[in-house]
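Presented below is the structure to which this report refers.
The values are calculated or read from the model by the stated rules, or taken from the named source; none is laboratory data. No experiment lies behind these values; they were computed from the predicted model shown. All Cβ positions, even for glycine, are placed from backbone atoms using ideal geometry, and neighbour counts span all protein chains on display. Accessible surface areas use protein heavy atoms only, side chains included; no ligands, DNA or RNA. Shrake-Rupley method; radii C 1.70, N 1.55, O 1.52, S 1.80 Å.
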Amino acid sequence: MRCLYCLYIFILYNFISVYGDGEEFEGYSYDGWYNNLNHPDWGAAETILQRKSAAAYSDGVYNPSGNKRPNPFDISKAVHQGPTGTSSYVGRTAMLVYFGQQIVEEIVDSQRPGCPIEYFNVDVPKGHPQFDSKQPDKSGTIKMPFKRTRYDQRTGFSPNNPRQQLNEITPFLDGQVIYGPNKAWADAIRSYENGQLASTTPNSIMTQFPPDNSIRLPFANPPVARTHKLEPVSRFHAIGNPRGHENPFLLSFGILWFRWHNNMATRIVNELRDNRTLTDEQIFNIARKRVIAQYQKIVFYDWLPVWLNTSITPEIFKRLYPYRHSGSRESTYNGYNPSIHPGIYQEFQVAAMRFGHTLIPPGLWRRTQNCELLKSTGFKGKRYAALRLCNSFWNSRESVEEDLDAIFRGLASTLTEREDSILVPDLTESLFGPLEFSRRDLAALNIQRGRDHGVADYNTVRESYNLKRKDKWQDLANDYNKKQINRLWLLYNGSNKLDDIDLFTGGMLETQPTGPGELFSSIILEQFLRIRHGDRFWFENKEQSGLTDEELEEIWNTDLFDVITSVTNAQDIQRNVFIFTEADRSGCHGQPKQLDAEGSFDDLDMLEPCTPLETYDYFDGSQISFAVTYSLVAIFIPVTVLVLYLLSVHRRKSMIMSRRLPTPLQRTSSSNMNEFRALEWIDMNQLDRVVIISLEPSECRIDVFGSKRILLRQIDVSRVARNQNGIVEVHISSDKEESSMFALKLKEYDLILKFYDRDERDRFLKQFDSFVTNNKYKLIKRELVESYILRNANTKKHRQERLDKFFRKIINMFREGDIDDVDENIYGTVGPSDSVETELTRIELTQAEFGEAFGMRANSTFVKHMFLLVDEDKSGRVSFKEFLDLFIMLSSDDAESKTRLLFNMYDITQRGYLSKDDLHEMIRSLLDMSESHVTEEMIHEFTAAVYKSANLQPGSDITYTDFKKVFTSGNCAKRLEQATLDINANDDDNDQVRNNTLTVPPPACNKMVQRRNTLYRGYSISGQSTMSGDRRRLSSMAGSDTLKYATLASKSQTSNVKVFTDLKSTIHSDGFVVLKDRITGYLETYRLQAFWLCLYCLVTIGVFLERSVFYALERENGGLRRIAGHGVTMSRGSASVIMFTYASLLVTMCKNLITKLRETVLNRIIPFDSFHSWHKFVALISLAFTILHIVCHGINLYSICTQPSMDLNCYFREYFRASHELASFHYWAFGTMTGLTGVILTLLLIVLYVFALPYARRHLFHVFWQTHKLYIIIYLLAILHGSARMVQTPHFGFYIIGPVFLFTIDKLISVSRQTSELKIVKAELLPSDVTALTVTKPPGFEYMSGQWAQIASIGLGQHEFHPFTMTSAPHEKFLKFHIRAVGPWTTNIRTLMDPGHRYTPGNQKLLLDGPFGEGHQDWYRYEVSVLIGGGIGVTPFASILKDIVHKSQMEVELKCKKVYFLWVTRTQKQFEWLTDIIRELEAVDYIGLVTTHIFVTQFKTKFDLRTSMLYICERHFQKIADKSLFTGLRATTHFGRPKFFHFLDSLRSEYRQVKRFGVFSCGPRPMTLAVEQACSKLNQFKSPTYYHHYENF
């Protein structure tokens, strides 16, 4: 309490010190509030204009009145235009007129347009001499712009509440034109010294001028009419009147009153200097009080009487209208009356006070102190006798500073125009206007303004002022206006009624020589009386004004003459400056001649011609920037795509070039001098490989070995030379000093080598030269440019393309049935010799190409045996004919024929039997093809089984009959029958299953059978045909349906679950039914995803519609949509969606949160496993609406740039722009925060989305990763984008605050883990480019089997993280990752872990971020789970299988009772590390919890004869050893791709009580898609439900 008491005493002390010593008074507030204590808002600024007559809007609410009245231009021409150059009847001076304009600026300001801008343009009549002259054909399509006045937003809703316009200043005569419209303005123009206003020369009143407006006070600043240019507002003087620079005469009054205030302040200081000291604030307020009082006296008692009626002198006027009435006389206007509203009437503002427009002369005579006329300089340097008004608008300072005294002399002596209804051309043709319409008609504007305000017609207003109506045109007529009335009568089509005349026009026609007519006089007088008697601080109200008797006496004795002569040197003017009489004409006083626009004086044109109408296209100057900006943005997309492509090419080339040339082999005396190490160039798109070249002189052969001595290629040089007439051609590079390239030109594809240096290449070349010449061949060497060698190289890719055409032709021949003429077409000479088909028939396959055609290794024993059998001419090549013969034979479904073929392949000497060694060779070759590690013991074990099956003595010879007994018995015969080439394969509902039946058109059958019989005869030992019944079988092949399956069973269990590897498709005839079933199944499978997807889409649509509707309807008063159309509504709606999606994206990126939530009950209703897909889906929605946002903003910016610059201040109030600056497109796009951030955001989003394409992720993952980090910048820019408040208050924060909080916490968790450096304990380079990493487990790191983590290598960049599934189980001591090298980072990590690298793996460290959850970790939640892994996609299941092993050993009770693991792999050796895990699982899985099936796809896709033989061998071995011949596992090995639908369908029969099956797949997209479609199809049934969780790699 003591503190509050002290504060009160301090404030009271300061108040007394400021206004103490008898000077306490309550002065005018700057905003007019609380002048009336009963009604505080009466007379306040920003309050509505009053109405004497009721509003007359055409709809009763807000639509302008007078919609049936004539065009304002026509009325202006008829009534308000005519002869000028006639002086006032009673000697009114220009001083009276321009002082009156200042008074209007003092009490009313309703010129500012509303916001949004409402245009009520005036149609320019066709052929208008001034305004339609810009049209070549004078079509009359031009409009004079007119903006409706600003109004109270709380009005205009009903006839009971019509629109009411606002007065933006107070109606009191309180010196606003002197001190400014508000306190801030007044403070800005003060000097704060001795109570004065700031000036350039404080010590000299007579020469004082206000300083420049360097602080840029918001003066009205239209374009300079004379130059049609916008100028900076800083050129103005810092005075109080915001519109004080409109013309030189108004500015002169502003400077006059500025000087008068400083003069008064100086007098106060001088008067009180000896007695006391006052503060600057006290002096300023005392001076302001006195100046306002003097101003009020001059206005009301000096100016107003002359303005209203010159026949009444000010003395009489004062007696007629005293402030207080004496005696008992009652009057409304008797002293201060708080019940009188001082507000300005509409009728006064729009019409009555505009009476002065008829008095305004076209210019001003200016007279110097020496009685000389001051000439004016025209726009082009020409001299004129007087100053022209029309060319001085908003260019006032020049003439005022030239000679202010001359202006006041001119104002006092220049007579006004005659009192009538006519306005000078400076106003009716050349009034200033905006840039787009530089000259306007003031009379038309006055008429339009009255209609805009809904002011009643002329007669209605007369009745409102208790005046008699004028019902006839004659009632308006007098001696001065008969012509005007007659023309107006014609405009009204000769109507005798005056009920629809505009107030301004009717009132002006009443004008009398003494002043305004009856109506206007009544309006003006009442308005000023209300101002006087509704003002509590009126100077005559001594109780409130604070004026002493001495001050009042001085006020009564002060007139405008005293003010002018006190602060200027214009001493030689008449006392009554408002009237110039003949008595005042003495000497050089008085005007020499009435001003006339067409007149002349003293051999000079009297007035400068007004500059003509100019228009302006606001889009001018924006065309180039608009087109260039959007073009560059559009071009930026393909440029970014091109950069992506070039970076990927550069990446590949860098990887290729990064392969350092291998060093030469270390040679000793015992070294093989014919071996060389080099780098083999494959083609432009593949990495070079290190090879060892071995020259074999004895066999005239070149062997090409890999780095591990694996034979890659054999080149028979003798055959090469024979095909080239004994010539061997080589190319060597010679263009670069360091170039060491060697190219051997071959028929198949060239051998291109790069050696360590030229010396090494020369050594090789020397050896090769000897190698060739020793074999009697000729070596030709050509030295060429290295780029030419590479560009013209015949690569393996080119060879493969020709081989593809070779095989395609053969297949097409079968499909098209072109077999009858096969001999003639292939072996004949029909057609040109250089045709493509002829070239194809000349192709011969090497043994390697032959093996590759069937998917086998070239050096495998099986391939060698078959190649020798097919190569009938023993040329070492298989011709087109020979390959075709084999192809026809393999299309057979005859098991015996194929058995004979297989027998003959190993009966090389054609003895008719196979020895034990031959049988060993056959089994070894079959197993060799499978790339399995099989011991000799296993081979002997299987051989014994064969002898046992044939009932033969072990080690005895096997005849064909015995051989057939083993390999065609039971299902084996059926298997061989079905072992046909896969040509017309049919997919079963995209289930990756092939129908291995060759469908041949009937016309081809006979020829095929004939050719196959010939082939068999050639292979047969006895020469007897074994092909009986071929024709019948071949003809029936097209109708055979083959179903191959293996029963899943173990020794301990008989199961109904079946694995199908082939089934012919069953296709519905009704496509609609198929589509319906697929949709139904899909929705059943992904019902949760579908629900949330629909909900999210509905919310997104709601967000879009809410903002769109708001800006289309509810925010209609914002006005932006009126100029930009629905581009605004669409852009705002899309902006809200973008904000919503950006917030959603952050949630999907909270990996730690999602992982935790997956383990809660929420996982049952929210599909957290789909959040990665959800992230991409939301990103696509965001992209779509971003594109819409950009397009709409293009429309918006174009529309905005076509609008007047000042209008845009309304639409973008929060955005400051200097009044002289035009808002061009480049200003909005690059000069504003919103525009600049929008452009940057667009470019960043293009980069982000382009580098997020699958192509970029595959080839430039590190670039994708880095560009995706742009999201941080994008979010910050998005915040800045909306923070400028250009259209609305920022909303982004409402959307993003929650997601940002969650994301920040999630990121902090990740960062805390990333700080731990994990040491790599072990690194293994496994086959199939798999790198196995074993790392230390962080303390407290807990995870579940099937989860994944992000890792970064410190050696490759600690900020580049990549996701990998952990292959270790939660109970293991270390973390393990198996990473396949498929991209740059994974390739680099493999290189980094290579023992030959300069770093040792033990010194390498990883950063870890995780674990993160996915669907695979929920395998234990289902009673029956199916795990399907393809390729490297088995990694999550490796962890799960290990976990199962551990839980089985620990006898942990699991909800899951059965697990099926389906491993789909190209070869069983591809990821042989997994077999160890499966083997360990089988060792401890005593209860048969896990059933494993391995699907080897490599065989199935190429050559089914071999696959069938492997199948037979596998089944025999399983019967004997109860494990696979290839893997050594009890898991069943299948050849081909699994038939997921039928496998999953069989689970229903096996587990009838199970309602929910968990299906988990991970691998290539085609495989997971097949599983997904199978689940969707099965979910069409009522029960059970298959829940599919998948992940693609």
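Classify segment 101-188 as rounded, prolate or oblate from the Cα gyration tensor: take a ≥ b ≥ c as the square roots of its eigenvalues, call it rounded if a/c is under 1.5, otherwise prolate when a/b beats b/c and oblate if not.
Numbers: a/c = 3.23, a/b = 1.67, b/c = 1.94.
The shape class here is oblate.
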May I ask you to order 415-427, 1370-1382, 149-161, 1559-1571 by the average number of other C-beta atoms within 10 Å around their residues, highest value first? 415-427, 1559-1571, 1370-1382, 149-161
Label-to-label distance, nm, for residues given as Met684 and Arg1285 (7 Å Cα→Cβ offset): 5.9 nm
With all protein chains present and a 1.4 Å probe, the order of His1172, His1362, His1262 from largest accessible area down is His1172, His1262, His1362
Which net charge results for the neighbourhood of Cys1201, defined as the other residues with beta-carbon distances under 11 angstrom from its beta-carbon, given Lys and Arg at +1 and Asp and Glu at -1? -2
What whole number of Å gives the distance from the Cα centroid of segment 345-413 to the Cα centroid of segment 466-511? 32 Å
Could you give the distance between the Cα centres of segment 1540-1568 and segment 162-230, to the whole Å? 85 Å
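Compute the accessible area per residue over segment 1265-1349, keeping the other protein chains in place, probe 1.4 Å, unit Å².
Working: 4350 Å² over 85 residues.
I get 51 Å² per residue for segment 1265-1349.
Using the Kirkwood formula over every pair of different C-alpha atoms, what hydrodynamic radius in Å results for segment 1158-1317? Display every interim value, and only then the final one.
On the way: mean 1/r = 0.0533 Å⁻¹.
Evaluated over segment 1158-1317, this radius sits at 18.8 Å.
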Within the set Lys754/Lys796; Lys1337/Lys1447; Lys318/Lys468; Lys1458/Lys1539, which residue pairs have Cα atoms separated by over 24 Å? Lys318/Lys468
Quote the accessible area belonging to Phe1412 in square angstrom, nearest 10, computed with a 1.4 Å probe and with ligands, DNA and RNA left uncounted. 0 Å²
Once amide hydrogens are built 1.01 Å from N within the peptide plane, the residues lying 5 or more places from Asp109 or on another chain with amide H under 5 Å from its amide H are Glu168, Ile169
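So how do Ile1432, Ile564 rank on accessible area, 1.4 Å probe, biggest first, that is with the largest at the start? Mind dumping the intermediate values first?
Values: Ile1432 30, Ile564 0 Å².
The residues order as Ile1432, Ile564, largest area first.
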Based on the mean of other Cβ atoms within 10 Å per residue, sort peptides 94-105, 206-217, 691-702 so the most packed one is first. 94-105, 691-702, 206-217
Rolling a 1.4 angstrom probe over the protein heavy atoms, how many square angstrom per residue are accessible across segment 1141-1209? 43 Å²
With the full set of protein chains in place, find how many percent of the accessible area of segment 1137-1268 is carbon and sulfur; take the probe as 1.4 Å. 72 percent
Most packed first (mean Cβ within 10 Å per residue), the peptides 407-414, 1147-1154, 111-118 order as 407-414, 1147-1154, 111-118
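Hey, which of these cross-link pairs are over 31 Å Cα-Cα: Lys1076/Lys1442; Lys1156/Lys1176; Lys126/Lys483; Lys68/Lys470; Lys805/Lys1577?
Working: Lys1076/Lys1442 41 Å; Lys1156/Lys1176 21 Å; Lys126/Lys483 23 Å; Lys68/Lys470 20 Å; Lys805/Lys1577 38 Å.
Over 31 Å apart, Cα to Cα: Lys1076/Lys1442; Lys805/Lys1577.
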Over segment 615-654, average the accessible area per residue using a 1.4 Å probe and give it in Å², no decimals. 61 Å²
